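The values are calculated or read from the model by the stated rules, or taken from the named source; none is laboratory data. Quantities reported herein were computed from a predicted structural model and do not represent experimental measurements. Here the Cβ positions follow ideal geometry from the backbone for every residue, glycine too, while neighbour counts run over all protein chains shown. Only protein heavy atoms, including side chains, enter the accessible area calculation; ligands, DNA and RNA are left aside. Shrake-Rupley method; radii C 1.70, N 1.55, O 1.52, S 1.80 Å.
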Amino acid sequence: MQVPTFVSMRAHLVLFGLAVAVSDAAFLLVAMLAGRPESISEPVVRLATLGAAGVVVTFVRHSARRAFDVAESSHHLVRAANGRGGPVIAGGCERDWLVQLHLELNPAALHR
């Protein structure tokens, strides 16, 4: 399994887009609860939203890396039957979506 560069770029963009959406929703909720929904458009709040999105992305990438390491150490990753391609994630892997995310974000992980 070769992960082309555009797949890795798309995974990074989707992850960042989802993180921005989550942090934007959180800031909007806080602004609504504070009774100042107009404050969401202030530059400081927008920068805080992007900063929070960066924290979310970092946390998800770290979680994906740890899930990959756990799957690798517990032998939930096996090579394809034909010998070509990347690892196949076993069905018993609890965080298989995080392992898949790590493989898409880091094409170099396929060659270990």
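Pairs meeting the criteria (first residue in the stretch 55-76 and touching a residue at least 24 places away in the same chain (Cβ under 8 Å), second residue open to solvent by 60 Å² or more (accessible area, probe 1.4 Å) and of a type outside the set (Val, Ile, Thr), beta carbons under 6 Å, at least 6 apart or on different chains) are 57/16; 67/95. Looking at 55, 7, just one residue is at pLDDT 90 or above and closer than 23 Å to residue 98 by Cβ, and that residue is 55. Any residue that is among the charged types (D, E, K, R), in contact with a helix residue (DSSP H, G or I) (Cβ under 9 Å, 6 or more places away or on another chain) and under 27 Å from residue 99 (Cβ atoms) - is there at least one of those in the stretch 40-52? No, the conditions are met nowhere in the stretch 40-52. Please verify whether the stretch 82-96 includes one or more residues that are modelled with pLDDT under 85, over 17 Å from residue 17 (Cα atoms), in contact with a Cys (Cβ under 6 Å, 6 or more places away or on another chain) and not hydroxyl-bearing (Ser, Thr, Tyr). Taking every residue of the stretch 82-96 in turn, none turns out to be modelled with pLDDT under 85, over 17 Å from residue 17 (Cα atoms), in contact with a Cys (Cβ under 6 Å, 6 or more places away or on another chain) and not hydroxyl-bearing (Ser, Thr, Tyr). Checked against the criterion of being closer than 30 Å to residue 78 by Cα, assigned to a helix (DSSP H, G or I) and open to solvent by less than 60 Å² (accessible area, probe 1.4 Å), the candidates 31, 11 yield just one match: 11.
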